[in-house]
Amino acid sequence: MNSEKISPGRRSTTRKAVVTEQTRLRISHDTVFQSLGKDHDTVLMSLSDGYLYTCNETTTRFLEAMDGRKTLGELTLELQQIYDIESAKLLVDLQAIAGRLLAEGLITITEPDDTQTP
């Protein structure tokens, strides 16, 4: 994920969470994202504060697969089918991306029985 914000300024965040293989993630209720087309980045927007973010294809596919039901381990296996990368390396990369998205409030951690969709 490219963390450059299109909007001026920088939001201060204090949210930190440990993301493991068993963590379930979903897009926050006040977050939307839209692809700008083939071979272009995706724009991610926080509706609560209006900040815009751009993200690459990997982060876009991660967001698309995130449904609040699958664990990060399951998402890793799903994305490994697309990218030619070792599972352990992909997991570490997705943990880092998830940590950044969580810190910005763009995604949230869900409980196993939470069946709400984003």
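Bear in mind that the values in this text are calculations on the coordinates, not laboratory data. What you are looking at is a predicted structure, and each value in this text was computed from that prediction instead of being measured. Using ideal geometry, Cβ is built from the backbone for each residue, glycine included, and neighbour counts are taken over all protein chains shown.
Annotations for the structure displayed:
- Theoretical FRET efficiency, 1/(1+(r/R0)^6), r = Cβ-Cβ of Gln34 and Ala88, R0 35 Å, to 0.05: 0.65
- Burial ordering of Phe33, Phe62, fewest other beta-carbon atoms within 10 Å first: Phe33, Phe62
- Theoretical gain in end-to-end length, Glu57 to Ala96 [0.36 nm per residue, Cα-Cα removed]: 12.5 nm
- Other residues with beta-carbon under 12 Å from the beta-carbon of Glu74 carry, at +1 per Lys or Arg and -1 per Asp or Glu, a net charge of 0.
- Added length on full extension, which subtracts the Cα-Cα distance from 0.36 nm per residue, Ser48 to Asp67: 4.8 nm
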